[in-house]
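**Q** Structure incoming, see below.
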Amino acid sequence: MSRYRIALIGAGGVVNNHLEAIAAYADRLELAAVADRDLARAEAVCSQTGGARAYADAYAMLEVERPDLVHILTPPATHLPLILAALETGAWVWCEKPLCRSLAEFDRIAAAEARTGRYVSTVFQWRFGSAVEHLRSLMAQGLLGRPLVGVCHTLWHRTADYYAVEWRSRYATAVGGPTATLGIHLMDLFLWLWGEWQEVQAVAATLDRAIEVEDISMALVRFEHGALGSIVNSALSPRQESYLRLDYQQATVEVQALYRYTNANWRLTPLPSVEEALTPAWRAIPCDRMGSHEAQLGALLDAMERNERPPVSGLEARRILEFIASLYKSAFTGQPVQRGSIAPGDPFYASMKGAPYDD
Ligand SMILES: NC(=O)c1ccc[n+]([C@@H]2O[C@H](COP(=O)([O-])OP(=O)(O)OC[C@H]3O[C@@H](n4cnc5c(N)ncnc54)[C@H](O)[C@@H]3O)[C@@H](O)[C@H]2O)c1
């Protein structure tokens, strides 16, 4: 098994999730370097972990260290140039969500992947818990019947202080409000589980925070196979919850959690007619693995070992970006938006707000 040299770029709020994940794979990884514009933050992480070198300039770090894998944990507007630089120095990339600011940026990343032969995966840790893996297996065996009705609610609360952090309040720096930064996790899971979406109709508003981005969005999604879903992304909800409800022909499957889940957060309610078969099948979840950075990092390292495209990369990463661009386009134009209709030349191809970013 290879032992990879990795580097972190960005040592702010989310760094502890990455440090926890790295610690779980000490036999497969060496943390070689940490870069943050705020050198003191990089130094603080290095002093905790021992052995890693701190840098203020991420580009200099990449040139000197030549890591095998780079985790990018900086604000969204900085992702594209850092991803391109990391790929060019020969690294694979694991980048925090949202991966980039637009479909145009995504397509530049895809071209750089093809040029360098390296891959870029987005952090979507909710895909990697054991309950989700088990649900996918029950779906694949046809035990649940067709998906029909979905409810995908990210009802979180973010204060004025949260939005006082300079990058979080503007499209140019944050990509969007709760749609692009909070609800993106549950929406990604929903769309990934239920297959290709076809059309979205949405509204978005800024009701109670002094910010350019929205603080609430609501959307209706129609899937190719006909199922319908209702989505709410809120930064204004005092009793916080992430709630996904999936009504199939034979059973309702739900998860109720906040930022992470274990098997205990999931519930299956079968129709009485299939209870005898479905309840034991659901309870046979082989293990209890949290949907976490650690779980996703393991899958990424396995893909590196096999030198194959990792999970949540390529078209698997583009789906949610296209959905969010379409959700915003529908909200800002008042029209339904069809999958595949946002192409080069469309203002929403280059920017989630449908107008050039003011940076
Ligand atoms: N997956 C999750 O559950 C999760 C949770 C929180 C945040 N995030 C994502 O993680 C990213 C970072 O969020 P955060 O809350 O940690 O932000 P933060 O503002 O707390 O930290 C960002 C850090 O990046 C540094 N930085 C900025 N530009 C840089 C550059 N060009 N080079 C080097 N360092 C730079 C800043 O100095 C800061 O220390 C965002 O994309 C966010 O959406 C993901």
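**Q** Count, please, the residues in region 100-125 that happen to be away from the ligand (no atom under 16 Å from the Cβ) and either in contact with a Leu (Cβ under 8 Å, 6 or more places away or on another chain) or closer than 18 Å to residue 69 by Cα (or both).
**A** Selection size over region 100-125: 11.
**Q** Then there is this: Pick from 118, 108, 101: which is outside any helix (DSSP H, G or I), over 23 Å from residue 21 (Cβ atoms), modelled with pLDDT of 95 or more and of a type outside the set (A, V, I, L, M, F, W, C)?
**A** None of the other options fit; the residue is 101.
**Q** Within region 333-354, does at least one residue satisfy the condition of being on the phi < 0 side of the Ramachandran plot, crowded, with 19+ Cβ neighbours inside 10 Å, outside the structural domain of residue 92 (by TED's automatic domain parsing) and of a type in the set (Asp, Glu)?
**A** Scanning region 333-354 turns up no residue that is on the phi < 0 side of the Ramachandran plot, crowded, with 19+ Cβ neighbours inside 10 Å, outside the structural domain of residue 92 (by TED's automatic domain parsing) and of a type in the set (Asp, Glu).
**Q** Let me ask something else about it. I need the full set of residues from region 266-295 which are within 16 Å of the ligand (Cβ to nearest atom) and either within 26 Å of residue 229 (Cα to Cα) or acidic (Asp, Glu) (or both), in order please.
**A** Scanning region 266-295 gives 290, 291, 292, 294.
**Q** Give, as residue ranges, the strands (runs of 3 or more DSSP E) completely inside region 207-306 that count at least 3 residues that are hydroxyl-bearing (Ser, Thr, Tyr) and in contact with a strand residue (DSSP E or B) (Cβ under 7 Å, 6 or more places away or on another chain).
**A** It comes to 236-248.
**Q** Can you give me the number of residues within region 154-168 that are over 19 Å from the mean Cα position of the chain (by Cα), part of a helix (DSSP H, G or I) and surrounded by fewer than 20 Cβ atoms within 10 Å (Cβ to Cβ)?
**A** Of the residues in that region, 5 qualify.
**Q** Here's something else I'd like to know. Would you be able to say whether some residue in region 249-263 is among the acidic types (Asp, Glu) and either over 22 Å from residue 130 (Cβ atoms) or touching a Cys at 6+ places or on another chain (Cβ under 8 Å) (or both)?
**A** no
**Q** Would you confirm whether or not region 18-34 contains a residue that is within 24 Å of residue 113 (Cβ to Cβ) and within 8 Å of the ligand (Cβ to nearest atom)?
**A** Checked region 18-34: no residue is within 24 Å of residue 113 (Cβ to Cβ) and within 8 Å of the ligand (Cβ to nearest atom).
**Q** Something else: Can you name the number of the only condition in (1) assigned to a helix (DSSP H, G or I); (2) in contact with a Phe, Trp or Tyr (Cβ under 9 Å, 6 or more places away or on another chain); (3) of a type in the set (Gly, Ala, Ser); (4) over 30 Å from residue 283 (Cβ atoms) that residue 131 fails?
**A** (4)
**Q** What are the pairs with Cβ atoms under 6 angstrom where one residue, in region 32-46, is closer than 17 Å to residue 18 by Cβ and the other, located anywhere, is away from the ligand (no atom under 12 Å from the Cβ) and part of a helix (DSSP H, G or I)? Sequence gap at least six, or different chains.
**A** Going by the 6 Å Cβ cut-off, the qualifying pairs are 32/65; 33/65; 34/46.
**Q** Moving on. Residues to consider are 140, 174, 164; find the one that is of a type in the set (Gly, Ala, Ser) and in contact (Cβ under 8 Å) with a residue 24 or more places away in the chain.
**A** None of the others qualify; the one that does is 174.
The values are calculated or read from the model by the stated rules, or taken from the named source; none is laboratory data. These numbers come from a predicted model, not from an experiment. Every residue, glycine among them, receives a Cβ derived from its backbone with ideal geometry; neighbour counts consider all protein chains shown.
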